[in-house]
Amino acid sequence: MTAVCDLHELATLAELRAWARAHGTRVRYLGPTLEGRPLYAATRGPSSRVVVDPRPDPHPRPLVWHSPLERLTPAMTP
């Protein structure tokens with residue numbers, strides 16, 4: 001079995017929306033890139049178009065950090 005995937009990155013979100021409209025599909029938010037930029041895609045059959053928006057991600061992941069010292073238990077002394 002042969003799988004075919006036609007994947008292209010477009011320059012702007014407007015281009016992606018136009019491609020999606022022309023192919024009867026919708027634009028989906030996929031999540032942030034490692035640089036914190038939003039990634040959007042539209043897929044129709046084996047063809048997918050993606051765009052990385054230069055604006056900050058509208059759904060930023062919360063930064064959660066816990067100090068290892070918070071989990072320390074006092075040493076039991078006899």
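Coordinate-derived values only; no laboratory data. Since we're looking at a predicted model, the values are computed, not measured. Backbone-built Cβ (ideal geometry, glycine too); neighbour counts: all protein chains shown.
Numbers at a glance
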{"quantity": "Contour minus Cα-Cα distance for Glu15 and Thr33 (0.36 nm per residue)", "calculated": "4.5 nm"}
{"quantity": "Sparse-neighbour loop sites [GluC sites (Glu not before Pro); the stretch 1-57; at most 12 other C-beta within 10 Å; DSSP]", "calculated": "Glu35"}
{"quantity": "Within-11-Å neighbourhood charge of Leu39 [Cβ basis; K, R +1; D, E -1]", "calculated": "-2"}
